[in-house]
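Written out below as structure tokens is the structure these notes cover.
The values are calculated or read from the model by the stated rules, or taken from the named source; none is laboratory data. All of these numbers come straight from a predicted model, not from anything done at the bench. As a convention, Cβ positions derive from the backbone with ideal geometry for all residues, glycine included, and neighbour counts pool all protein chains shown. Surface areas here come from the heavy atoms of the whole protein model, side chains and all, with no ligands, DNA or RNA. Shrake-Rupley method; radii C 1.70, N 1.55, O 1.52, S 1.80 Å.
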Amino acid sequence: MIVCTVFNPALDVTYRLDGFELGSTRLDAPSHSVPSGKGLNVARVVRTLGEEVAVAGLIPKNDFHRFETFINDQGITPLLYETSGSARVNVTLADPQTNCVTHVNSASAQLPITLQEEFLGFLAGCAEAGGRWCFSGSLPGGFDDDAYSRIITECKYKGGSCLLDTRGKALKKGMLAAPQVIKPNLEELGEFFDQEIKGVHHIALCAKRFIDMGIDYVFISLGSDGLIAVRGNECLLCSPPDVKVVDTVGCGDALVAGVLVAQEREFSFADTCRMAVACGSSKSMHEGPGIITREEVWQLMEDVEIKEV
């Protein structure tokens, strides 16, 4: 089974505001609220693609029932650890008239270090030999930067395969555990190496540096430009098909889901890249995170262009 962790859950609230102006007051604005978190977004896409998946999450008590019900309704197995408080709220303001989207993500509450130890122990108890784990998103306030590194080490010890998708200090510390797969985006790549990344060949060289650090697969997401993927001496530039973009929120999470499912099904490296890019493209055609259709993914895979770099 694929297990997606959620260390830092949120409620995503989206407002549709035609002709939005700063400083104005809007009444009766259409809105949509859904439990979220990068790991949950990934899990929803994995389930849509037809794979069994679980969410192992640290869920605040005041929103626990809502998250548990939502996860169950998605056909996902809930492996949830309850903590006190409420989930943070992320707000998206979308103006269809100007095609402008503004995101405001709230900070997480400071959590006690004892909770970190309890949750890492809980995750270690969930780990099974041969499982495939996805560690994505930020760490909550109060957790050590090496939290991902510690649980990745534990999962690998039990024979699991680990994908890490985070940024900053959590990525740098997490790399010390040598997860089998990482998926930084272009901004996170520049942060990691503390330099401005310019051009395809520069991206490829940075990705190969990760390979030298003991990472098996490196997927660098490029947004609307697709993906650069590296395995050993192979480096592929994967360009997405031309689609009508509706909402880009969660496209990176959908890409991660495509990688997980393709590797679970033992696809070739090139077809893994095709599925990853197709999942991101399908997500961009739908409003809200975690939303794709399986039929679109299979169709879009045929139109993903792959070149060796």
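Figures for the structure shown
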item: Selection count where residues are open to solvent by 50 Å² or more (accessible area, probe 1.4 Å), assigned to a helix (DSSP H, G or I) and either closer than 29 Å to Asn99 by Cβ or among the β-branched types (Val, Ile, Thr) (or both), scope region 1-54; result: 1
item: Those residues of region 258-278 which are in a helix (DSSP H, G or I) and either among the hydroxyl-bearing types (Ser, Thr, Tyr) or farther than 16 Å from Gly226 by Cβ (or both), in sequence order; result: Leu260, Val261, Gln263, Glu264, Thr272
item: Filter result (open to solvent by less than 40 Å² (accessible area, probe 1.4 Å) and part of a helix (DSSP H, G or I)) within region 55-69; result: Asp63, Phe64, Phe67
item: From Gln110, Gln116, residue being within 20 Å of Lys38 (Cα to Cα), at pLDDT below 95 and polar (S, T, N, Q); result: Gln110
item: Ser224 being hydroxyl-bearing (Ser, Thr, Tyr), assigned to a helix (DSSP H, G or I) and open to solvent by 10 Å² or more (accessible area, probe 1.4 Å); result: yes
item: Where Gly223 falls short, out of the listed (1) of a type outside the set (Val, Ile, Thr); (2) at pLDDT 95 or above; (3) within 25 Å of Asn41 (Cα to Cα); result: (2)
item: Failed item, numbered, when Pro289 is tested on (1) closer than 26 Å to His32 by Cβ; (2) modelled with pLDDT of 95 or more; (3) of a type outside the set (Val, Ile, Thr); (4) part of a loop (DSSP other than H, G, I, E, B); result: (2)
item: Residues within region 90-112 that are among the β-branched types (Val, Ile, Thr) and either outside any strand (DSSP E or B) or exposed (fewer than 15 other Cβ atoms within 10 Å of the Cβ) (or both), tallied; result: 4
item: In region 250-309, the residues that are open to solvent by 30 Å² or more (accessible area, probe 1.4 Å), farther than 30 Å from Val13 by Cα and of a type in the set (Ser, Thr, Tyr); result: Ser268
item: Within region 70-89, tally of residues that are open to solvent by 70 Å² or more (accessible area, probe 1.4 Å) and among the hydroxyl-bearing types (Ser, Thr, Tyr); result: 2
item: Residue in region 230-242 that is open to solvent by 30 Å² or more (accessible area, probe 1.4 Å), assigned to a helix (DSSP H, G or I) and not small (Gly, Ala, Ser) present; result: no
